[in-house]
1. Cβ-Cβ distance below 6 Å, separation of 6 or more or different chains: which pairs start in the range B:251-269 with a residue that is over 28 Å from B:Val309 (Cα atoms) and end on one that is at pLDDT 95 or above and outside any loop (DSSP other than H, G, I, E, B)?
2. Looking at B:Glu224, B:Glu219, B:Glu210 in this structure, which one is at pLDDT 95 or above, surrounded by fewer than 22 Cβ atoms within 10 Å (Cβ to Cβ), more than 23 Å from B:Ala74 (Cβ to Cβ) and not hydroxyl-bearing (Ser, Thr, Tyr)?
3. Going by the structure shown, is B:Ile58 part of a helix (DSSP H, G or I), among the β-branched types (Val, Ile, Thr) and surrounded by fewer than 24 Cβ atoms within 10 Å (Cβ to Cβ)?
4. Taking only pairs six or more apart or across chains, which ones have beta-carbon atoms under 8 Å, a first residue in the range B:197-225 that is basic (Lys, Arg), and a second residue that is in a helix (DSSP H, G or I) and surrounded by 15 or more Cβ atoms within 10 Å (Cβ to Cβ)?
5. If B:Glu195 satisfies every condition in (1) within 22 Å of A:Ile92 (Cα to Cα); (2) more than 14 Å from every other protein chain (Cβ to nearest Cβ) but one, which is the exception?
6. Looking at the range B:171-192, is at least one residue part of a strand (DSSP E or B), over 21 Å from the mean Cα position of the chain (by Cα) and under 30 Å from A:Arg9 (Cβ atoms)?
7. For the subset of the range B:13-26 comprising residues that are assigned to a loop (DSSP other than H, G, I, E, B) and touching a Leu at 6+ places or on another chain (Cβ under 9 Å), which member is modelled with the highest pLDDT?
Amino acid sequence: MRIICCGTRYRGDDGAGLIVAERLGQVGVEVATSTGGATDLLEAMNGAQEVLVVDAVISGAPAGTIHEWRNGMAEFQRNSSTSHALGVPEGIALARVLGRLPARIHIYSIEAKTFEVGSEDSAEVRRAADDLAYRIADLVSLRSLEIRGLRYSADQSSFST
Amino acid sequence: MTGRTIRVDTLARVEGEGSLYIKMSGDRVSDVRLKIYEPPRFFEAFLRGRHYSEAPDITSRICGICPIAYQMSAIHAIERALDIHVEPAIRLLRRLFYCGEWVESHALHVFMLHAPDFLGYPDVIAMAADHRELVEKALRLKKIGNGIVSLIGGREIHPISATVGGFYKVPSKCDLEKLTADLEWALQASLEAVEWTSKLDFPKFEQDYEFVALRHPDEYPLNEGRLVSNRGLNIDVAEYEDHFTELHVKHSNALHSIVRGRGSYLVGPLARFNLNFDRLPPAAQESAKGVQLTPPVLNPFRGIVVRAVELVFACAEALRILREYELPSAPICDIPTRAGIGQAITEAPRGILYHRYAFDDRGLILSAKIVPPTSQNQKRIEDDLREYASHLVGWPQQEATWKCEQAIRNYDPCISCATHFLTLTPNKER
């Protein structure tokens, strides 16, 4: 699974994905970073069977809310209010048209409080980034166990072979 | 007399957030407002008190598409303040770095942002279904541009190697030669792009522009040159603020730049091409002449062809540099410690980018000023729209709106540059 964290520093919570990347890096999880521009994302996803994308989001939910979108991408409204000319939703849609979409894709987005240029990231988003990094690191650990033949059952909180 | 309003609340296929409002009475345009939400003014305040060495990295975050332009303008301005002159190999490397960014930016705009307008698609995703090879070509070109930026800058996204006095790390000749095959393909693809774009259908629309661009004694401009125009301007870049000024307008956060005593002006590919055609390498000149594109080009819709010619330039220039490059004697030259003030202009893909820094004897920034190309073109875009909208009387509303948006996209405006976020429609199936 390839993890792609999107964002830009010095623009408030726009860097949420990059905070997650930093945290994951600290615990040894390999992460790619991207601006979140469509072509950058396409390139970052290239050749992967499964990707996990982390980005900032505005949806009206409380700041720091973690949204999780699994596989189906219909929920991503491709509209022009993304401030990248071509952003993450367009990158995913374009990958689909070009036959480059990974077989499995998960998107985590952190609800932003502010994107003000030159502002610091908010405490809510920093906390959410810590939580999300922990969840992703956990997921990565479970995956590595799966690779070694162990399967985790969330219902029974146990491993089986 | 009938009235009409054209309103686009969020402009599509431009970098950043902006909106458009045009009010017409009969065939007379009474009001045009291109609204820009986010200026880079906050960055200027953000820079105060920081060491000048941070400026190239911080300002490169202003724009996700042209970070090299911001790095280069910042570095040149600071070097001017410190009277630093880098050795020829570093200069060549910077020029190659910039070529990479031009390839990335122009490939994105020509094929993915502007082409859908001419081919009648709402966006590149719809276009890709019918013109897959065009989009694949754009992606490959962009990747080649990324490859140059990544090799020299240390990484693709927000490159980190460029610094005041040189680079933290410089590539070997052998490293650069690995780019040759890709760049030869890119040159061929760019030549084809000139042919292809020249055959698009262009509205009949010409304006009497004041074009402003850098001009170098023997090169097509990127990092250096005097600032010139077709109305007699010919100044050192340090005199920029004596000849240009910015005006607050109520409807926009961005300031409108004007030439003092004259008004709006145009920066970017059209200006560079018209003022520097004789400085293009032979391959680019011949490709332009081959499609009857010679200065002065006064139709902004033909900017897509000019961008394709600049793609040819960037690839040909990059190949020349690969051939001539020799490892510099040191990656970074000696840097004096002293107070200073310095200005620089470089040619971002969208046009001239002005930076000015003043710092104290500890190197701490006292003031910074940044004038990006889009704010310089903003008044000119409105002037175009004022004229162009009057040609659209009688057009259906939807088509007239589309045409006005296309007229804005002629300028490849980079409105907020780098902030990105998603707008979600919650899905009840979750």
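1. B:Arg260/B:His243
2. Step by step, each of B:Glu224, B:Glu219, B:Glu210 is checked, and only B:Glu210 is at pLDDT 95 or above, surrounded by fewer than 22 Cβ atoms within 10 Å (Cβ to Cβ), more than 23 Å from B:Ala74 (Cβ to Cβ) and not hydroxyl-bearing (Ser, Thr, Tyr).
3. yes
4. B:Arg215/B:Leu275; B:Arg215/B:Asn276; B:Arg215/B:Arg279
5. (1)
6. No, that holds for no residue.
7. Top of the filtered list is B:Glu17.
Let's see how each residue does on (1) in a helix (DSSP H, G or I); (2) within 19 Å of the chain's Cα centre (by Cα); (3) of a type in the set (A, V, I, L, M, F, W, C); (4) at pLDDT 80 or above:
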site: B:Leu34; (1), (2), (3), (4): no, yes, yes, yes
site: B:Phe43; (1), (2), (3), (4): yes, yes, yes, no
site: B:Ser53; (1), (2), (3), (4): yes, no, no, yes
site: B:Ile68; (1), (2), (3), (4): yes, yes, yes, yes
site: B:His85; (1), (2), (3), (4): no, no, no, yes
site: B:Ile90; (1), (2), (3), (4): yes, no, yes, yes
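The values are calculated or read from the model by the stated rules, or taken from the named source; none is laboratory data. Quantities reported herein were computed from a predicted structural model and do not represent experimental measurements. Ideal geometry is used to build each Cβ from the backbone, glycine not excepted, and the neighbour counts take in all protein chains shown.
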